[in-house]
Amino acid sequence: MKHAATDGRQDRPTRIGVISDTHGQVPAPALGVLEEVSMIIHAGDLDTPEVLDHLRRIGPTVAVRGNMDRGAWTERLPVADTIDVGDVRIHIRHILADIDLDPAAADIHLVVSGHTHRFEEIRKNGVIYLNPGSARLPRAGSPASMAVVIVRGNRAQIERVDL
């Protein structure tokens, strides 16, 4: 499924809130960040439909199914999705190792994943790989985190947000 999102002006940046592994609840500090963005990406493990409903009340939301997302409500969630924001193509999948395409060959600029509960930003072959960490249940001594992606034209800038 393809989506297009812009703020209507090419010279103004589009701010995207990127969150993952909320496991049933979005913490208040994350909600504050999400209320300041143009759109939200959730990279899976919402655990409940209420999380998705809450995010959609804040603003346009793209979410994929994580390995902990189970039940009839998850049937409407894709396992992976690709969206265009400005001139930046973003591919979203909960588990990075499960990606079944070559992002560089598919002209993808940013790959968003979750699952590990640890923030990570890696640049490889012209592609940014972003894991925003877990907004609620960080692992290995990492702080709870998320990210804001600022898209201007064909460039994406990542801002880590510790919660």
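Yes or no: region 73-83 includes at least one residue that is surrounded by fewer than 17 Cβ atoms within 10 Å (Cβ to Cβ) and touching a residue at least 60 places away in the same chain (Cβ under 8 Å). Checking region 73-83: at least one residue is surrounded by fewer than 17 Cβ atoms within 10 Å (Cβ to Cβ) and touching a residue at least 60 places away in the same chain (Cβ under 8 Å). Quick one: is Asp11 surrounded by fewer than 22 Cβ atoms within 10 Å (Cβ to Cβ) and either at pLDDT 95 or above or not in a loop (DSSP other than H, G, I, E, B) (or both)? No; evaluated as a whole, the condition is false for this residue. Among the residues making up region 53-69, those that are farther than 20 Å from Val85 by Cα, buried (at least 17 other Cβ atoms within 10 Å of the Cβ) and not basic (Lys, Arg) are His54, Gly66, Asp69.
Of the residues making up region 67-86, at least one is within 24 Å of Val33 (Cα to Cα) and at pLDDT below 95.
Counting only strands (runs of 3 or more DSSP E) wholly contained in region 16-124, the ones carrying 2 or more residues that are within 24 Å of Asp162 (Cβ to Cβ) occupy 39-42, 61-63, 88-93, 110-112, 119-124. Glu50 meets each of the listed conditions (1) more than 24 Å from Pro13 (Cβ to Cβ); (2) crowded, with 20+ Cβ neighbours inside 10 Å apart from (2).
The values are calculated or read from the model by the stated rules, or taken from the named source; none is laboratory data. It should be emphasised that the depicted structure is a prediction, and the values quoted were computed from it without experimental measurement. Using ideal geometry, Cβ is built from the backbone for each residue, glycine included, and neighbour counts are taken over all protein chains shown.
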